[in-house]
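Notes for the one structure printed next.
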Amino acid sequence: MIPYGRQSISEEDIEAVVAVLKSDFLTQGPMVPRFEQAVAGMVGAQHGVAVNSATSALHIACLALGVGPGDLVWTTPNTFVASANCARYCGASVDFVDIDAHSWNMSIPALQAKLVQAEAKGNLPKVLIPVHFSGQPCDMAAIGALARQYGFKVIEDASHAIGATYRDTKIGDCRHSDVVVFSFHPVKIITTGEGGMAMTNDGELAWRMAALRSHGITREPSRLQAENPAPWYYEQQMLGYNYRMIDIEAALGLSQLERLDAFVARRNDLAQRYDRLLANFALILPTVDQECRSSFHLYVVRLPRCDPARHRQVFEALRAGGIGVNLHYMPVHLQPDFRPLGFAPGMFSEAEAYGESAITLPLYPAMTEDDQDRVVDALDHALRL
Ligand SMILES: *Cc1c(COP(=O)(O)O)cnc(C)c1O
């Protein structure tokens, strides 16, 4: 089976991990801060807070921005459930903004229209979580302008998008947002096994997120309430979690980061090759905004018409042919655990149509042109059924 995604682990990666195993610290040693500084430097952010997953990063970003019961958080239905669950962990309500028919990212006109309505009803969101779907950046200048106009905060879920650029800036620099979150799960662009990071240019937010990832505890003398603290002293100043990244993971991440550009370049080359090979197929191919560079976490094609039975038939034929296709994503609002919150079919029709026609084709740096030719042949065969 050719998988839809997979990690690339080099001998240098293995040596970096082994070196930590032989060192004094498996966790809370020098590697985590080194990895944080390296990622922050690479993407142009002031601070990085490394955690054990992007899901944890989204949770502590919401908490640090003050999300709680009675608040509203909006995201896109075309995402992994974690982009919405982070609001629910905080006791807030979640709602969705439908996607654009071409970029498959959150639609800016739909966002504008929903904001106008929400302002009239007095239920504006506290936080918006746009997702750079497949590695293609959302229109962050437009989102940043709306955030200023309507007074909401922005967390970019960039789980797919480390290494992507929006206009002249790198995804992660927080130019148009408060926090940017990356995932280092093995199918993503670079990996730490499990892991994530929250980037921000706001020192106070960075401090709160760093405390929240470790039980809400601080030892920083300037932050302590006690005068003249004893050497063993620390304070829990808020209710936090154990969301820490460990040094073994950070060492792998640091080593992987050196190949970030090569990974993204290879993904773009393979995506362009798919574009050429599939140009005459009866498929809708992904579009890339000319102002952006996608990191191409995913290469998604769509069947030209929404026909659930046909979608499933093509999908099953590809899987039977050894092609590990996937669906990114079933719309989040249709998940059984979201229905009781007031969501139903028909509410976000572009995302629903997308979910009935999209197929994620295999794409990862170690994929060979022979692998890719096999995918294209299998797709040709499946579309003729
Ligand atoms: C993978 C992913 C996450 C969750 O990442 P983890 O590191 O697995 O917690 C969140 N949002 C999106 C869009 C993702 O693709």
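Considering each residue of the range 88-105, count those that are closer than 21 Å to Val116 by Cα and of a type in the set (S, T, N, Q), and give that number.
2
State whether the residues of the range 110-128 include one that is β-branched (Val, Ile, Thr), in contact (Cβ under 8 Å) with a residue 40 or more places away in the chain and within 13 Å of the ligand (Cβ to nearest atom).
Within the range 110-128, not a single residue is β-branched (Val, Ile, Thr), in contact (Cβ under 8 Å) with a residue 40 or more places away in the chain and within 13 Å of the ligand (Cβ to nearest atom).
Which of the following residues is farther than 30 Å from Arg266 by Cβ and touching a Ser or Thr at 6+ places or on another chain (Cβ under 6 Å): Ala230, Ala211, Ala226?
Ala211
Answer yes if at least one residue in the range 19-36 is under 27 Å from Cys174 (Cα atoms), among the hydrophobic types (A, V, I, L, M, F, W, C) and in contact with a Lys or Arg (Cβ under 9 Å, 6 or more places away or on another chain), and no otherwise.
Within the range 19-36 (the criterion being under 27 Å from Cys174 (Cα atoms), among the hydrophobic types (A, V, I, L, M, F, W, C) and in contact with a Lys or Arg (Cβ under 9 Å, 6 or more places away or on another chain)), the answer is yes, since at least one residue qualifies.
How many residues are away from the ligand (no atom under 13 Å from the Cβ), assigned to a loop (DSSP other than H, G, I, E, B) and crowded, with 19+ Cβ neighbours inside 10 Å when one looks only at the range 172-195?
Qualifying residue count for the region: 6.
Can you find a residue in the range 159-168 that is at negative phi, surrounded by fewer than 21 Cβ atoms within 10 Å (Cβ to Cβ) and modelled with pLDDT under 95?
Within the range 159-168 (the criterion being at negative phi, surrounded by fewer than 21 Cβ atoms within 10 Å (Cβ to Cβ) and modelled with pLDDT under 95), the answer is yes, since at least one residue qualifies.
Can we say Ser214 is polar (S, T, N, Q), more than 23 Å from Gly5 (Cβ to Cβ) and within 16 Å of the ligand (Cβ to nearest atom)?
no
Which one of these does His311 not meet: (1) out of contact with any Asp or Glu (no Cβ under 8 Å at 6 or more places or on another chain); (2) farther than 22 Å from Gly48 by Cβ; (3) assigned to a helix (DSSP H, G or I)?
Single failed check for His311: (1).
Being in a strand (DSSP E or B) and β-branched (Val, Ile, Thr) is the filter; apply it to the range 161-171 and report the residue that is farthest from the ligand (Cβ to nearest atom).
Thr169
With Asp247, Asp269 as the choices, which residue is over 24 Å from Val376 (Cα atoms) and at pLDDT 95 or above?
Of Asp247, Asp269, the one residue that is over 24 Å from Val376 (Cα atoms) and at pLDDT 95 or above is Asp247.
Step by step: first the residues of the range 63-86, then only those that are touching a helix residue (DSSP H, G or I) at 6+ places or on another chain (Cβ under 6 Å) and either away from the ligand (no atom under 13 Å from the Cβ) or without any contact (Cβ under 8 Å) to a residue 12 or more places away in the chain (or both), then the one that is farthest from Glu36 (Cα to Cα). Which residue is that?
Selected residue: Val73.
Among (1) crowded, with 16+ Cβ neighbours inside 10 Å; (2) not in a helix (DSSP H, G or I), there is one condition Pro345 misses while meeting the rest; what is its number?
Single failed check for Pro345: (1).
The values are calculated or read from the model by the stated rules, or taken from the named source; none is laboratory data. Just so we're clear, the structure is a prediction, and the values are computed from it rather than from any experiment. Counting neighbours? That spans all protein chains shown, and the Cβs are built from the backbone with ideal geometry, glycine included.
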